[in-house]
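Student: One structure follows; several queries about it will come next.
The values are calculated or read from the model by the stated rules, or taken from the named source; none is laboratory data. Computed from a prediction, not measured in an experiment: that's the story for all the values here. Quick reminder, even Gly has a Cβ in these numbers, built from the backbone with ideal geometry, and neighbours come from all protein chains shown.
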Amino acid sequence: MPQSRLTDFFASPSERRPMKPAANLASISSAMRPSCSSGKSGVQETVITTRKRRLDDEDPKQQVIDAGQKLFGHTQCRECGMVYSVSLPSDVDAHSKHHDRQRLTDWNTLDARTAREWRRRLCAVQEFSDGHIYQLSEESPPVVLTRFEALVVDDINPALGFSANLPLWRSDRQAFIFLTDEHQPKIAGMVIVEPISTASKADMTKEVENATLIGVNRLWVHWAYRKRGIASRLLDCARCNLIAGYPVSRTHCAFSDPTVDGRLFALRFVGGEENLLVYRLD
């Protein structure tokens, strides 16, 4: 840029050197001024916003928004027990609703009249100081099955990561529920079991065939009643009552697609990795 002469500053307007077109300065000034209509500031923010929208909506490679999350894929909520994907907004929303339902409602509570009806109609197979275990099948009274099936479909299946339409009953399938002895009895846990003839070692290296294997179809305990041995009591009761007159060994219990917490429980229940059996749901 040529250096201005001192006399230029004292020259008349007509004698001064021509400046660059005012339109350029005006456009720059306009771009740098805050927008009154949008309340957003400047060209830089507009460019960033436009570019971000293009990445989110148009880039086929970007399926998950990286917002600095430390977790991707499936996880299990420590409180409500639900298994969900932290990478999918729909799963996160479903978990939020399920978590609030578990926390804020008494969906697992039986009123006094219903509790009396259940106790009268169901077979109590074991009694404890804090509750009873009852046995159910597809032949149980409809007044009991309707409530139990709704509980499994609406609350237990989502918590375990199972689809809502997963079949509940089969002719040889049994359920055991733990009903507390509180003033307002609650369904604190349940297990669904079935006799199977084939299972696999947890590492899938060996197949096991035995006529006295028990398949643990679903095992669930309400978050407020965990760490009380309810899962162990339910499964011990199931393995002693599923096959009439023949208590099944703990090491003959096979688990179907356990959650993280479910696997840890299974390892403790059967006595270690070398005894852990799994099987595939039909």
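Student: Do any residues in the range 203-215 that are under 19 Å from residue 236 (Cα atoms) have Cβ atoms under 7 Å from those of residues that are surrounded by 10 or more Cβ atoms within 10 Å (Cβ to Cβ) and among the basic types (Lys, Arg), where the two are at least six apart or on different chains, and which pairs are they?
Tutor: Pairs found: 214/239.
Student: While we're on this one: Which residue pairs have Cβ atoms closer than 7 Å, lie 6 or more positions apart in sequence or on different chains, and pair a first residue in the range 154-171 that is of a type in the set (Gly, Ala, Ser) with a second residue that is surrounded by 13 or more Cβ atoms within 10 Å (Cβ to Cβ) and part of a loop (DSSP other than H, G, I, E, B)?
Tutor: Listed pairs, sorted by first residue: 159/80; 159/81; 159/82; 161/259.
Student: Something else now. Just a yes or no: is a residue in the range 211-230 in a helix (DSSP H, G or I) and buried (at least 22 other Cβ atoms within 10 Å of the Cβ)? Break it down into steps so the answer makes sense when it comes.
Tutor: As a first pass, look at the range 211-230 and keep what is in a helix (DSSP H, G or I): 223-225, 230.
Of the ones still in play, those that are also buried (at least 22 other Cβ atoms within 10 Å of the Cβ) are 230.
Yes, the range 211-230 contains a residue that is in a helix (DSSP H, G or I) and buried (at least 22 other Cβ atoms within 10 Å of the Cβ).
Student: Out of the residues in the range 98-134 that are loosely packed, with under 11 Cβ neighbours inside 10 Å and basic (Lys, Arg), which is modelled with the lowest pLDDT?
Tutor: The selected residue is 113.
Student: Six or more apart or on different chains, Cβ under 9 Å: which pairs go from a residue in the range 223-250 that's under 14 Å from residue 128 (Cα atoms) to one that's crowded, with 17+ Cβ neighbours inside 10 Å and among the polar types (S, T, N, Q)? Could you list them?
Tutor: From residues that are under 14 Å from residue 128 (Cα atoms), the pairs are 233/126; 236/126; 237/126; 237/135.
Student: Okay, moving on. Would you please name the residue that is farthest from the chain's Cα centre (by Cα), looking only at residues in the range 251-282 that are among the charged types (D, E, K, R) and assigned to a helix (DSSP H, G or I)?
Tutor: Among those that are among the charged types (D, E, K, R) and assigned to a helix (DSSP H, G or I), it is 274.
Student: Across the range 172-181, which residue is surrounded by the most Cβ atoms within 10 Å (Cβ to Cβ) among those that are assigned to a loop (DSSP other than H, G, I, E, B) and in contact (Cβ under 8 Å) with a residue 40 or more places away in the chain?
Tutor: 173
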